[in-house]
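Visitor: Before anything else, here's the structure in question.
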Amino acid sequence: MEARAELKYARISPRKVSIVLDLIRNKPVDLAMAILKHTPKAACEYLEKLLKSAVANAENNHNMDVTKLYVAECYVGPGPILKRIRPRAQGRAFRIDKRTSHITLVLKEKE
């Protein structure tokens, strides 16, 4: 039995998210939440909300015991890239890529 939560089209680079995901992988939910609260990274806001959602899904949809939950899987993939233009000297234009992420969090119960 597993509970999952997905966040699609998050306006943050997948590279930044994966750094924080490595910190919480295979950790109990309460420890993962504490790590996210005290890590000064932009991705933590997205992941904290996503983790709360996954816990709520486990509790309400799958009748799982919240105290036994741990982060079984967590991964991020690239979403669509918003392409923007930055004016530069002598009439040139440089492209700015605003990256998005699709983040997935899977919780399971410890045996």
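The values are calculated or read from the model by the stated rules, or taken from the named source; none is laboratory data. Remember, predicted model here, so these are calculated numbers, not experimental data. With ideal geometry, Cβ positions are generated from the backbone for all residues, glycine too; neighbour counts draw on all protein chains shown. Accessible surface is based on the protein model in full, side chains and every heavy atom, while ligands, DNA and RNA are left aside. Shrake-Rupley method; radii C 1.70, N 1.55, O 1.52, S 1.80 Å.
Visitor: Measure nothing but the geometry: give the 0 to 90° angle between the long axis through the Cα atoms of 14-24 and the longest principal axis through the Cα atoms of the chain, rounded to 10°.
Guide: Here the helix axis deviates by roughly 20 degrees.
Visitor: What list of ³J(HN,Hα) values in whole Hz, one per residue of segment 99-110 in order, does the Karplus curve 6.51 cos²θ - 1.76 cosθ + 1.60 (θ = phi - 60°) give from phi, with Gly and Pro shown as x?
Guide: My calculation for segment 99-110 gives 7, 10, 10, 10, 10, 10, 10, 10, 10, 10, 8, 5 Hz in order.
Visitor: As an exercise, identify the trypsin sites (Lys or Arg not before Pro) in segment 38-110 lying in DSSP coil whose Cβ has no more than 13 other Cβ atoms within 10 Å.
Guide: Values: sites: K41, K49, K52, K68, K83, R84, R88, R92, R95, K98, R99, K108, K110; in loops: K41, R88, R92, R99, K110.
Of the trypsin sites (Lys or Arg not before Pro), the ones in loops of segment 38-110 whose Cβ has at most 13 other Cβ atoms within 10 Å are R88, R92, K110.
Visitor: Per the helix-only calculation at 222 nm, which mean residue ellipticity applies to the chain, given -39500 (n - 2.57) for every DSSP H run of n ≥ 4 and division by its residues, nearest 500 deg cm²/dmol? Spell out each step's value before the answer.
Guide: Numbers: 3 runs with 39 residues, N = 111.
Roughly -11000 deg cm²/dmol at 222 nm, from the helical runs in the chain.
Visitor: Turning to a different aspect of this structure: Where Lys and Arg each count +1 and Asp and Glu each count -1, what net charge lies around E73 among other residues with Cβ under 9 Å from its Cβ?
Guide: Numbers: positive: R4, R25, K108; negative: E2.
Residues close to E73 contribute a combined charge of +2.
Visitor: In square angstrom, what is the accessible area per residue of segment 26-99 with a 1.4 angstrom probe? Could the numbers behind the result be given before it?
Guide: Values: 5130 Å² over 74 residues.
Result: 69 Å² of accessible area for each residue.
Visitor: Quick one: which residues, 5+ away or cross-chain, put their amide H under 5 Å from the amide H of T100? H built at 1.01 Å from N.
Guide: G79, L82
Visitor: Excluding residues on the same chain fewer than 8 positions from K41, give the lysines whose Cα lies under 21 Å from its Cα.
Guide: Hits, sequence-local ones excluded: K8, K16, K27, K49, K52, K98.
Visitor: I want the local charge near K16. Using Cβ-Cβ distances under 10 Å, sum +1 for each Lys or Arg and -1 for each Asp or Glu among the other residues. Intermediate values should be presented prior to the final figure.
Guide: Details: positive: R15, K41, R99; negative: none.
Spelling it out: positives minus negatives among the neighbours equals +3.
Visitor: Below 13 angstrom from the Cβ of L47, what's the summed charge of the other residues (Lys, Arg +1; Asp, Glu -1)? Let's see the in-between values first.
Guide: Numbers: positive: K16, R25, K27, K37, K41, K49, K52; negative: E6, D22, E45, E48.
Combined, the nearby Lys, Arg, Asp and Glu give +3.
Visitor: Let me have the relative contact order for segment 1-97, percent, based on Cα pairs under 8 Å that are six or more residues apart. Walk me through the numbers before you get to the answer.
Guide: Numbers: 98 pairs, mean separation 32.7, N = 97.
Once normalised by length, the contact order is 34 percent.
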